[in-house]
Amino acid sequence: MSNHHSVKVPGHPNIYGDTNERQLRIDFSVPESGVNNKTGLLLIVPGFGGNIDSNIYKKLRKNLADEYNLVTIQCDYFGSAYMQSEKNYKQEFVLTNNLSDLTVRRIKDTPENLVNIMKSSKENFLIKCKLNENISNFNDMGLMQAIDLITAIEVVKLILADNSFDYDESKVIGYGHSHGAFLLHLANLLENNFFSNIIDNSAWIEPVYLTRDRYINIKLDQSIVNFQFEYLSKRLVTDPSFLNLTNLYKDFQNMAQIISYQGDNDNLVSWEEKCNLADSLDQWSIKVITDNEVDQIRFFSNTHGLAADFLELFYYSVTSLKASNEKKGITTGTKKLTDKISMVVDSSKGLPTYSFTGLNNYIGN
């Protein structure tokens, strides 16, 4: 059985102006047989509702390390604490116009019986999740999260080097789901020779919750309860276009093999737009999942996320991965992210640091 490790290291400085020191938790599993020159690195990235302690991700780290001779890596990236289910946050009931006068009176007369009232009603209820985000830690859906992913891999590389382990420096795979897959694309854009392969399950082209609220709808007996999440980023990001993959990948020299899976009934991502984007870039293949491709093995839906079995999807994908003969890593110096955003990457102190110019064109205070 693979060997599990968990470390906490100083996180990358907050690029949004907060000067408090950060901690970054990184969990990784090493093959039971040990690390050798054929051992690759696999970064696993969950999206909304998943996290480093989710049982499925623990299983992925453990199983894939041994089955494919990989050091499997995951981190508790910036703001991921605010991306979980409604059960993780304090909740505030909101009176809405869709409720009948009778239901409103019952709630006002006996607010302590709200749950029973909701169960017995056939109406829709709105509950706002109180996130209490602040500039020190919030779901930025963007650069800080992608930087944490890069940092996690670089930390594990340093640990392997400190222990004199020889590993395959040309094999660095990213495996992400929904927003997690989007973050792998963003990390690829920050470092274009960082990944050998990216497996993308339903990455969106632009984070949807920068422009609209997130809702989790729960059926409670006869009623529907809508849990609302309004993210700080929705107010801070004045122009989400700088996180749009179509804009970012324009004229980009892609060096990673990308394999994407996209449902044709995804209400968050246009599969046609995703296909056009994939076609515009070298080494990017995409499989559109229709009703006919829902095989009840790896794909259980053609909607967002494909209701995928994450293990089976990796098994399915790994046979298509192409080997790279080139060492993967950080490129230092000045780079251009967009026409208005440039960055300087510095690795002189070991781990890379990123400083950006031009973010104020897209992010307010």
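The values are calculated or read from the model by the stated rules, or taken from the named source; none is laboratory data. Bear in mind that the values here come from a model prediction, so they are computed numbers and not experimental data. So basically every Cβ, Gly included, is an ideal-geometry build from the backbone, and we count neighbours across all protein chains shown.
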Exercise for the section: Looking for whichever is farther than 20 Å from Leu43 by Cβ, exposed (fewer than 15 other Cβ atoms within 10 Å of the Cβ) and either small (Gly, Ala, Ser) or in the same structural domain as Val45 (by TED's automatic domain parsing) (or both) here; the options are Asn217, Asn265. Which one fits? Expected result: Asn265
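If I ask for residues that are aliphatic (A, V, I, L, M), buried (at least 22 other Cβ atoms within 10 Å of the Cβ) and either assigned to a helix (DSSP H, G or I) or at pLDDT below 95 (or both), which ones from region 160-189 would you list? Don't jump to the end; show me each part of the working.
Quick first cut of region 160-189, residues aliphatic (A, V, I, L, M) only: 160-161, 172-173, 181, 183-184, 186-187, 189.
Those still in the list that are buried (at least 22 other Cβ atoms within 10 Å of the Cβ) too: 172-173, 181, 183-184, 186-187.
Scanning region 160-189 gives Ala181, Leu183, Leu184, Leu186, Ala187.
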Handout entry: Top-ranked residue in region 241-253 [being surrounded by 16 or more Cβ atoms within 10 Å (Cβ to Cβ) and at pLDDT 95 or above; ranked as farthest from Gln91 (Cα to Cα)]
Key = Tyr249
Problem - Criterion (without any contact (Cβ under 8 Å) to a residue 40 or more places away in the chain, out of contact with any His (no Cβ under 7 Å at 6 or more places or on another chain) and over 17 Å from Gly176 (Cβ atoms)) met by exactly one of Thr303, Thr319 - result: Thr319
Practice task
May I ask you to verify whether Leu311 is under 22 Å from Gly176 (Cα atoms), in contact (Cβ under 8 Å) with a residue 40 or more places away in the chain, out of contact with any helix residue (DSSP H, G or I) (no Cβ under 9 Å at 6 or more places or on another chain) and surrounded by 15 or more Cβ atoms within 10 Å (Cβ to Cβ)?
Solution key: no
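Just to be sure before I move on: is Gln257 under 23 Å from Val45 (Cβ atoms), more than 18 Å from the chain's Cα centre (by Cα) and at pLDDT 95 or above in the structure I sent? Can you show your working first?
On the way: under 23 Å from Val45 (Cβ atoms): yes; more than 18 Å from the chain's Cα centre (by Cα): yes; at pLDDT 95 or above: yes.
Considered against the rule, which asks whether it is under 23 Å from Val45 (Cβ atoms), more than 18 Å from the chain's Cα centre (by Cα) and at pLDDT 95 or above, Gln257 comes out as yes.
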Exercise for the section: Among the residues of region 56-72, write down those that are among the hydrophobic types (A, V, I, L, M, F, W, C) and surrounded by fewer than 18 Cβ atoms within 10 Å (Cβ to Cβ). Expected result: Ile56
Exercise for the section: Within region 149-208, track down each residue that is touching a strand residue (DSSP E or B) at 6+ places or on another chain (Cβ under 6 Å) and of a type in the set (Lys, Arg). Expected result: Lys171
Practice task
Can you confirm whether region 85-103 contains a residue that is more than 28 Å from Val155 (Cβ to Cβ), surrounded by fewer than 22 Cβ atoms within 10 Å (Cβ to Cβ), among the aromatic types (Phe, Trp, Tyr) and under 24 Å from the mean Cα position of the chain (by Cα)?
Solution key: yes
